[in-house]
Amino acid sequence: MLDERPTAAELVAAVAEFLEKKATPQLDAATAFHAKVAVNVLRIVERELAQGAGVDAAERTRLGALLGHDGELAALNAELCEQIARGDIATDNAALRAHLLQSALARMAVDSPKYPSLKNAPSP
């Protein structure tokens with residue numbers, strides 16, 4: 001992709017900023033609520049665009065270590081689920097638990113970075 005400005009994340013951020021600062025204060029209460037929901041969705045998309053590739057790469061690396069081979073993220077996750085279901089990887093496996101914790105924390109950081117428990121979560 002060309003190195004152009006504004007980026008997709010910057011465009012999404014600009015729309016969210018407009019809705020939040022300019023449009024929402026002028027709306028009736030019900031519509032303002034829906035605008036606030038829309039702003040939250042746009043902020044998630046913004047973080048996904050900014051962080052998503054790194055989150056996916058880290059997850060693929062962890063899954064590769066757990067499963068012993070590389071692959072596409074969805075296929076690796078499906079294989080992990082199958083191995084857990086068959087009992088090939090025990091749920092008390094320390095590497096599995098670390099992977100699941102890191103995956104959950106990474107998803108929370110994108111979806112809801114102000115979630116109160118996130119700042120107190122154990123380091124992966």
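Per-structure values
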| quantity | calculated |
| --- | --- |
| Debye, to nearest 20: dipole size of region 78-124, +1 on Lys, Arg Cβ, -1 on Asp, Glu Cβ | 320 debye |
| Under 15 Å from the Cα of residue 119 - aspartates and glutamates, other chains or at least 8 residues apart | 111 |
| Karplus 3J(HN,Hα) series, Hz, for region 90-105 with 6.51 cos²θ - 1.76 cosθ + 1.60 (x for Gly, Pro) | 6, 5, 9, 5, 4, 5, 5, 4, 4, 4, 5, 5, 4, 5, 5, 5 |
| 16 Å reach of a label modelled at residue 81, 7 Å along Cα-to-Cβ, counting backbone N of region 91-112 | 100, 104 |
| Point-charge dipole on Cβ atoms (K/R +1, D/E -1) for the chain, about Cα centre, debye to 20 | 540 debye |
| Helix 73-86 axis, angle to the chain major axis (alpha carbon atoms, nearest 10°) | 50 degrees |
| Cross-link reach list, lysines versus residue 36, counting only Cα pairs under 22 Å and skipping chain neighbours closer than eight places | 21, 22, 114 |
| Crossing angle, helix 29-67 versus the chain [Cα axis fit, 0-90 degrees, rounded to tens] | 20 degrees |
| Most positive-pole-ward Cα, 113, 103, 78, against dipole of the chain from beta carbon charges | 113 |
| Qualifying trypsin sites (Lys or Arg not before Pro) for region 30-124 [loop in DSSP, other Cβ within 10 Å: at most 10] | 114 |
| Residue 38-residue 88 FRET efficiency (beta carbon distance; Förster radius 30 Å; 0.05 resolution) | 0.10 |
| Restricting region 1-85 to GluC sites (Glu not before Pro) in coil, as DSSP defines it, with at most 14 other Cβ within 10 Å | 4, 72 |
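No lab work stands behind these numbers, since they all come straight from the coordinates. These numbers come from a predicted model, not from an experiment. Cβ sites come from the backbone with ideal geometry, for glycine too, and all protein chains shown count toward neighbours.
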